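The values are calculated or read from the model by the stated rules, or taken from the named source; none is laboratory data. Predicted, not measured: the structure shown is a model, and the values here were computed from it. We place every Cβ from the backbone using ideal geometry, glycine too, and count neighbours over all the protein chains shown. Note: areas computed on protein heavy atoms with side chains; ligands, DNA, RNA excluded. Shrake-Rupley method; radii C 1.70, N 1.55, O 1.52, S 1.80 Å.
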Amino acid sequence: MIMNVLFICVFFFEMLISTIFFSNIAEKKKPLSLIVISGTLIFEIGAVVNIFIISTSWLNVLFSVIANIIFTIFFFKIKPIRAVFYSVLLVSFSSFLEYIIIFIISSYSNLYIAEYQSETILLVIEIIISKVLYFLIAMILLRFTQKDNTSIKIPTSFYIFPLITLMTVICFWYISLNQYLEFENQIILGIVSVLLLLATLFVFFSFQTNAQKDSKLLLLQQEQDKIKTDMTYYDILEKQNNNLRTYAHDAKNHLSAIKNLNTNPEIEIYISKMIECLEDYGKVCHSGNHTLDVVIDKYVTECDINNINFEFDVKNNNLLEIDSYDIVTILGNLLDNAVEAAQKSNIKQVSLETDFRNELSVIIISNSCDNNPKLDDTELPITTKKNKKLHGFGLKSVKKTVKKYGGDIAIDYIAQEKVFIVTIMLDKKQ
């Protein structure tokens with residue numbers, strides 16, 4: 001009975017260690033609770049095989065590798081080749097440590113390895129020692145695999161927990177070996193050893209979960225601060241544009257009056273050119289929605305600076321039903337991405353169109369893009385920037401804002417034309 005429980009615990013420990021390890025090197029596809037529950041079911045198949053079918057070392061190693069690969073590919077955003085590599089590496093460490101610890105302690109205790117079937121409590125404690133060492137090595141390995149900008153760093157001080165657990169369990173083993181203990185007391189030491197390992201894993205689990213929550217909150221706050229800053233910038237820009245448009249209008253009237261009073265043909269030609277320049281300045285967006293106008297004005301200027309052809313058509317829908325804050329969130333993030341992609345392409349084209357379709361407010365943003373962008377599991381483009389956690393969060397804000405209006409996002413790439421298109425549909429009635 002105790003051996004059956006031991007098999008269950010061993011595979012559960014391996015699942016927890018794999019979860020902590022892969023959560024730090026790859027993004028999770030599912031909530032942590034679902035990952036733990038599903039991972040337990042996958043790994044415990046190995047315990048069922050050991051209990052009811054056959055128990056052999058090579059079969060356990062093979063199953064652990066397969067379980068890790070399946071678990072990792074299904075629940076983490078990681079390339080299959082990396083999943084296989086790290087799964088084999090982790091299981092190799094685990095198996096090696098388990099065998100070497102049993103061999104060393106067997107030599108010290110003058111017990112043959114085969115005799116451990118009758119020394120169950122000693123086997124429990126020794127397996128706990130090997131799993132604590134396995135956990136320590138996995139955490140040390142993380143320090144070499146984590147990228148500075150994208151991963152949550154585990155403080156060095158946290159490593160004191162597995163070290164203390166290791167020293168305590170070694171003391172338990174020494175007591176069990178050198179002191180006569182009744183069977184009930186041996187059971188207590190075995191249970192305490194298991195609980196110590198669980199407590200150590202729980203500390204790392206809690207830190208990781210809280211750190212990830214704090215990271216998401218920080219990113220969300222940064223995105224909100226960015227949008228607020230953009231709103232302030234657009235307000236200032238609108239006031240400046242109004243003043244400049246008023247000046248341009250007045251200047252054009254004055255020049256027209258001077259032109260009518262002038263009799264010199266050369267001066268008349270010069271003034272006509274000045275009036276044309278002022279009229280060109282006045283040809284900005286006049287949709288009737290100040291927020292939409294100033295956003296478009298900003299990207300007209302930005303595209304002009306970067307030699308990008310920017311076209312817009314908002315005459316059929318000026319997005320008055322959409323909150324100004326949400327307009328900035330949607331258009332600001334999507335046009336930023338469109339301009340960035342267009343800069344890297346050969347054609348350098350960006351366009352914005354708004355319209356109505358079946359009582360839905362539609363926004364279509366397209367840009368030239370030489371390569372088909374990769375999409376994540378939420379059907380959003382994966383950022384090509386180095387810091388993938390700090391960037392790409394704006395697209396999630398767009399998706400959240402679209403849901404607020406009961407809408408949807410459609411993404412398409414026309415390979416023949418090398419054009420990337422984002423279509424957003426918003427319910428005006430929301």
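Points worth noting:
- Top-ranked residue of segment 347-383 - restricted to ones that are part of a loop (DSSP other than H, G, I, E, B) and at pLDDT 90 or above, ranked as farthest from Asp313 (Cα to Cα): Cys369
- Just one of the listed residues (Tyr325, Tyr299) is of a type in the set (Ser, Thr, Tyr), part of a helix (DSSP H, G or I), at negative phi and open to solvent by 50 Å² or more (accessible area, probe 1.4 Å), namely Tyr325.
- Residue within segment 14-24 that is farther than 19 Å from Val194 by Cα, modelled with pLDDT under 85 and not in a loop (DSSP other than H, G, I, E, B) present: yes
- Of all residues making up segment 46-81, the number that are without any contact (Cβ under 8 Å) to a residue 24 or more places away in the chain, farther than 18 Å from Met3 by Cβ and surrounded by 14 or more Cβ atoms within 10 Å (Cβ to Cβ): 3
- Residues of segment 91-118 that are at pLDDT below 80 and either open to solvent by 80 Å² or more (accessible area, probe 1.4 Å) or on the phi > 0 side of the Ramachandran plot (or both): Phe103, Ile104, Tyr108, Asn110, Tyr112, Ile113, Ala114, Gln117, Ser118.
- Residue in segment 14-22 that is β-branched (Val, Ile, Thr), in contact (Cβ under 8 Å) with a residue 60 or more places away in the chain and either closer than 21 Å to Gly190 by Cβ or open to solvent by 50 Å² or more (accessible area, probe 1.4 Å) (or both) present: yes
- Selection of segment 414-430 for residues being open to solvent by 40 Å² or more (accessible area, probe 1.4 Å) and at pLDDT 85 or above yields Ile414, Ala415, Gln416, Glu417, Lys418, Met425.
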